[in-house]
Amino acid sequence: MRSNGVGSAAQYGRPRGRPLDAAFHRDVRAPAPPRLPIFRSRLQGELLARLLLGPRREASMLDLAVMLRTDLGSVMREVERLSRAGVLALRRTLAGRLVSRDEASPLYEPLARLVMLTFGPAAVVAEEFGRLPLVRETHLFGPWAARYAGVPGDPPCDVEVLVIGEIGRDVAFDAAQEAAARLGLPVHPVVRSPAEWADDTDPFLREIRAGHLFTAAG
């Protein structure tokens, strides 16, 4: 059921009767992400991952820009497109507009599944390991990072995470279990201290550096 705090389509100017996916196809100039080219850009996919996965939440445009490490204007344009498409809901407040997912939309569940399988691991791993105060960096490596970078291959069956920080392996394992529960994929953490990560003599870490490495947080 839609929350009473979320405005209707009429409030925010979505024309009645317009095809729900029209906003996805208006601007095709931006390169499509290699992970799943039906999204118009990587920014769009990562923004959807932040809002469609996990507990329902509201975020300001500025918060999203900071989390996604991009400019405010780009975030506002993507949010407007997705709002017109009926995927996201906007709510006006005195402090500005807040955006959340529109769980009443028929696009929500199938789109959330697509996002979970593509942009999901980066978003979920960043959130779960970002809760730990002693984690300095979190990187994804292995097949999933390679597929994210556009390297062809079989779909990964798990997510490998390199955690840099002064934390115990049991703490990292708990965070990995939370991420795995949300992703529906096993998450395998590898923990190294900052000093160990800086040491270029470790063969295992050198192998990780030589492959594809995706920074999820840090």
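Structure above, values below:
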| item | result |
| --- | --- |
| Tally, over the range 51-70, of residues that are closer than 17 Å to ALA112 by Cβ and of a type in the set (Lys, Arg) | 2 |
| Of all residues making up the range 85-119, the number that are closer than 23 Å to ARG42 by Cβ, modelled with pLDDT under 85 and not hydroxyl-bearing (Ser, Thr, Tyr) | 4 |
| Some residue of the range 113-125 being in a loop (DSSP other than H, G, I, E, B), free of Cβ contacts under 8 Å to residues at least 12 places away in the same chain, open to solvent by 50 Å² or more (accessible area, probe 1.4 Å) and at negative phi | no |
| Subset tally (residues that are under 25 Å from SER41 (Cβ atoms) and either among the small types (Gly, Ala, Ser) or not in a loop (DSSP other than H, G, I, E, B) (or both)) for the range 143-160 | 10 |
| Members of the range 178-218 that are among the small types (Gly, Ala, Ser), open to solvent by 70 Å² or more (accessible area, probe 1.4 Å) and either under 23 Å from PRO155 (Cα atoms) or touching a strand residue (DSSP E or B) at 6+ places or on another chain (Cβ under 7 Å) (or both) | ALA181, ALA210, GLY218 |
| Which numbered condition ILE167 fails, given (1) in a loop (DSSP other than H, G, I, E, B); (2) out of contact with any strand residue (DSSP E or B) (no Cβ under 9 Å at 6 or more places or on another chain) | (2) |
| Test: residue in the range 93-107 that is assigned to a helix (DSSP H, G or I) and within 19 Å of the chain's Cα centre (by Cα) | no |
| Residues of the range 129-175 classified as open to solvent by 40 Å² or more (accessible area, probe 1.4 Å) and either closer than 14 Å to VAL187 by Cα or without any contact (Cβ under 8 Å) to a residue 60 or more places away in the chain (or both), total | 16 |
| Selection within the range 36-45 - open to solvent by less than 40 Å² (accessible area, probe 1.4 Å) and part of a helix (DSSP H, G or I) | LEU43, GLN44, GLY45 |
| Flag for THR215 being farther than 14 Å from PHE129 by Cα and polar (S, T, N, Q) | no |
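This table checks each residue for (1) free of Cβ contacts under 8 Å to residues at least 24 places away in the same chain; (2) open to solvent by 60 Å² or more (accessible area, probe 1.4 Å); (3) of a type in the set (Asp, Glu).
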site	(1), (2), (3)
LEU47	no, no, no
PRO55	yes, yes, no
SER60	no, no, no
ASP63	yes, yes, yes
SER74	no, no, no
VAL87	no, no, no
SER100	no, no, no
ALA104	no, yes, no
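The values are calculated or read from the model by the stated rules, or taken from the named source; none is laboratory data. Here the structure is a predicted model, which means the values were calculated and not measured. Reconstructed Cβ throughout: ideal geometry from the backbone, glycine too, with neighbour counts over all protein chains shown. Ligands, DNA and RNA are excluded from the accessible area calculation, which covers all protein heavy atoms including side chains. Shrake-Rupley method; radii C 1.70, N 1.55, O 1.52, S 1.80 Å.
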